[in-house]
Each structure stands twice: as C-alpha cells, then as structure tokens.
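The values are calculated or read from the model by the stated rules, or taken from the named source; none is laboratory data. Since the model is a prediction, treat every value here as computed from it, not as a measurement. No Cβ is skipped: glycine too gets one built from the backbone with ideal geometry, and neighbour counts run over all protein chains shown. Side chains are part of the model used for accessible areas, which takes the heavy atoms of the whole protein and leaves out ligands, DNA and RNA. Shrake-Rupley method; radii C 1.70, N 1.55, O 1.52, S 1.80 Å.
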Amino acid sequence: MSDILLKISEELQNGKAKIVKQLVEDALTEGISAQDILNNGLMAGLDIIAVKFKNNEVYVPEVLVAARAMNMGTSVLKPHLTESGAKPIGKALLGTVRGDLHDIGKNLVKIMFEGKGIEVIDLGVDVPPEEFVRAQKEHNADIIALSALLTTTMEEMKVVVDAFTEAGLRDDVIIMIGGAPVNEGTRESSGADIYAEDAATGAELAMSALGARKG
C-alpha cells in the first residue's frame, strides 16, 4: 500500500476530517484511482475502527468522529467514483421500529454498512411497518435492517416481517435485526433472517449475506 493511503487510513482512525480530505485530494492529484483511495485508504481505516469497536477498544464517540472523517473523504471521491462507474455492492433499508426513538445504534449500523460499500436508505426512528414496505417498493433494497432498544418495541420486528410477507416481498429481502434487548431468540420468534449483536458484526454479516445472494 502506498504511504498516502496508509496515512489516510491512520488519520481517519484519529478522526482528523480536514486532514483526511486534504490527503484524499492529494492522492487523486498523484493519480491514485478513486476506487483505490476508497478501498485501501478510507474503508481500510474504518474497518480497523470497526474491529476496535467490536473489541471495546474504542467507543461510540471515536466511531462517530471517524465516520465524519470518512464522510469528508468520500465527499471528495463521489464525483470521481461516479465517473468510473463504481456501484455500491448492495442496498439496505435501515430504521428503528415503530414506538422506538433511539437512533445511536441505527446510526452506527449506517456508518459500518457504508464503510463496507453498502448503500443505505435511512428511514429514521419510529418507523411503522407500512413505511418499510413502501420504501422497499420504491428502492428495491437487498437488506432490511431493523433496530430496537426497548423490550416493548422488540415485538414490532415480527410485525414488520409479517408486513413483508403479506405484501409478497418477504422472499426478495434479507431481514436483519439488532439492538440491546434483541437476541437470537428474537430472530427466531420474529422470522427475521439474521441477528447481529453489534454494528460491526452486522456489517460483516450483511457482506456475507450479499455475497451469497449475488452468488
């Protein structure tokens, strides 16, 4: 890996957004491809942060500042990635279920998904089942990712899964669930496909599922 890509990765991990932006611009000037900068600079750095987060070596604030640096870097790359025809590896609809207003966990999932090259449509919090279904009809996502942080809203996950079944869309999507009170038993009772214990694991499982799906 070139020195500048390594530097991009390191400064992203340090959350130095302005430095990352400048380094990305410098790398483009040097003739390094936008895809290479994305994969081996920005995403490489976020992957390290994801592993550290999973191992409790860094916490939510560090993830958020690294994500800000990632966003600053990708904003420079976007026009170049479009020119090169780079496409996201998959698409996910993301939302906190009806009755639940928590968004930190959801936002971390978004960061980790985007860091893996998955396009995310974020529906926000307190999302009713019919809104997930409507958004799926519009966006044709590969993954539906549901978040809940309250024991009282966990049951909404099954309601969403049932809504997809009733709409005839269940076989078209991978449904992933997560959140503090959620576990493998919740996945079984809700009829979801995947349970993720944290955002970093969720991104890894999403990648595996997309790989199997696109075969």
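Assorted remarks:
- For Val58, the criteria (1) open to solvent by less than 30 Å² (accessible area, probe 1.4 Å); (2) in contact (Cβ under 8 Å) with a residue 40 or more places away in the chain; (3) not in a helix (DSSP H, G or I); (4) not polar (S, T, N, Q) hold in every case but one, which is (2).
- If the condition is being of a type in the set (Lys, Arg) and either open to solvent by less than 20 Å² (accessible area, probe 1.4 Å) or within 15 Å of the chain's Cα centre (by Cα) (or both), then the range 32-55 contributes only Lys54.
- Selection status of Thr165, open to solvent by 60 Å² or more (accessible area, probe 1.4 Å) and more than 14 Å from Thr96 (Cα to Cα): yes
- Test: residue in the range 125-139 that is open to solvent by less than 40 Å² (accessible area, probe 1.4 Å), closer than 25 Å to Ala34 by Cα and not polar (S, T, N, Q): no
- Number of positions in the range 152-162 that are part of a helix (DSSP H, G or I), surrounded by fewer than 20 Cβ atoms within 10 Å (Cβ to Cβ) and not hydrophobic (A, V, I, L, M, F, W, C): 2
- Unmet criterion (only one of (1) open to solvent by 40 Å² or more (accessible area, probe 1.4 Å); (2) closer than 24 Å to Asp47 by Cβ; (3) in contact with a His (Cβ under 9 Å, 6 or more places away or on another chain)) for Leu149: (2)
- Selection count, the range 76-109, where residues are closer than 15 Å to His139 by Cβ, at pLDDT 95 or above and surrounded by fewer than 23 Cβ atoms within 10 Å (Cβ to Cβ): 2
- If you go through the range 87-145 and keep only what is within 27 Å of Gly45 (Cβ to Cβ), of a type in the set (A, V, I, L, M, F, W, C) and not in a helix (DSSP H, G or I), you end up with Ile89, Ala92, Leu93, Leu94, Ile118, Val120, Ile121, Ala141, Ile143, Ala145.
- Residue among Gly185, Gly191 that alone is free of Cβ contacts under 8 Å to residues at least 40 places away in the same chain, surrounded by fewer than 21 Cβ atoms within 10 Å (Cβ to Cβ), in contact with a Lys or Arg (Cβ under 7 Å, 6 or more places away or on another chain) and not hydroxyl-bearing (Ser, Thr, Tyr): Gly191
- Residues that are in a loop (DSSP other than H, G, I, E, B) and either in contact (Cβ under 8 Å) with a residue 12 or more places away in the chain or in contact with a helix residue (DSSP H, G or I) (Cβ under 6 Å, 6 or more places away or on another chain) (or both), drawn from the range 21-55: Glu30, Ile32, Ser33
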